[in-house]
Amino acid sequence: MSSRLRERRSSLATWSSRLALVSIPILVIVAIGHRSGLMSATQAYASMALGFGLAGLAVLAALGALEGIWRDGRKGLGSAIAGLLVGLAVLVLPLAGAWHLMSYPQLIDISTDLEDPPAFLLAAADRPADARPVTDPSEDDADVQREAYPDIVPRHYPVGTARVFEDAKVIVDRRGWRLLGARPPTETAEAGWIEAVAATPVFGFRQDVAIRILPDGEGALVDVRSAARNGAHDLGANAERIRAFFRDLDASLQGISEE
């Protein structure tokens with residue numbers, strides 16, 4: 001009797017729940033390991049592929065199990081549903097990434113000034129061995145950015161450069177970006193700059209951020225550059241980071257700005 005019951009239980013349902021549950025600790029380890037610096041970006045990408053791949057297999061196994069349960073009356077409905085729901089929950093992040101992949105151009109370095117981007121003076125020394133080298137965007141990438149992100153332009157603030165610099169540093173700290181260095185603008189019209197490292201919310205992939213503050217005779221001209229250290233596509237994150245910085249700076253300076 002017990003033998004017949006075991007035979008009638010869907011093995012796909014069992015594997016579905018197991019695969020889904022195994023995917024979770026793998027991805028948690030990736031998030032903790034990469035954020036703490038114990039895992040390189042290359043290792044993190046490979047481990048993420050494993051974790052999300054297992055979740056995808058869990059969903060497929062669950063669908064196969066549900067079909068068998070419906071057709072043959074096999075046991076394991078609870079395991080199949082659990083595997084399906086957990087697998088789909090885990091896959092929310094890569095599915096959102098796939099949508100961004102199709103919605104945004106393949107760029108990794110975004111700047112408000114494409115002719116003379118803010119320089120990464122300190123980023124090269126801070127980047128790990130598997131990161132991309134620090135280079136300026138190509139002409140082709142600049143053309144793609146102009147078409148895709150026409151709002152990513154320098155911002156003029158009719159206030160002193162010292163005030164803008166201090167407010168920008170506060171925003172960097174409030175956003176949790178790791179400060180690499182900063183130099184305030186000088187009375188001899190030399191540009192002030194801030195360099196920092198931002199990180200993506202879940203897995204902590206790093207992006208370098210450079211902020212340049214120039215006196216322009218009537219106030220301060222602010223340029224921002226944000227570039228991913230790894231990967232072939234930023235999924236629109238760098239442009240959104242620049243927009244978010246300017247939103248914060250606008251609010252800090254009471255919304256007085258001119259593009």
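Each reported figure results from applying straightforward, stated rules to the coordinates on display, with no laboratory input. What you see is a predicted model, and the numbers here were worked out from it, not measured in a lab. Methodologically, a virtual Cβ is constructed for each residue, glycine included, from the backbone with ideal geometry; neighbour enumeration extends over all protein chains shown.
A compact table of results
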| read-out | value |
| --- | --- |
| Ranking of THR112, THR186, THR200 by count of other Cβ atoms within 10 Å, fewest first | THR186, THR200, THR112 |
| Cα long-axis angle, helix 11-35 against the chain (0 to 90 degrees, to the nearest 10) | 20 |
| GNM flexibility winner over the chain from ASP208, ASP72, ASP173 (Cα, springs under 10 Å) | ASP72 |
| 0 to 90° range, to nearest 10: angle between helix 77-90 axis and the chain longest Cα axis | 10 |
| Nearest 10 degrees, 0 to 90: helix 139-148 Cα axis against the chain principal axis | 80 |
| Taking the C-alpha atoms of the range 109-252, convex hull volume expressed per residue in Å³ | 109 |
| Order of ILE24, ILE211 under a 10 Å beta carbon neighbour criterion, fewest first | ILE24, ILE211 |
| Listed candidates (1) 34, 22, 16; (2) 49, 17, 15; (3) 31, 23, 16 - label of the one calculated as semi-axes √(5λ) of the Cα gyration tensor in Å | (2) |
| Within the chain, helix-based [θ] at 222 nm, where runs of 4 or more DSSP H residues each add -39,500 (n - 2.57), nearest 500 | -17000 deg cm²/dmol |
| Within-12-Å neighbourhood charge of ARG35 [Cβ basis; K, R +1; D, E -1] | +2 |
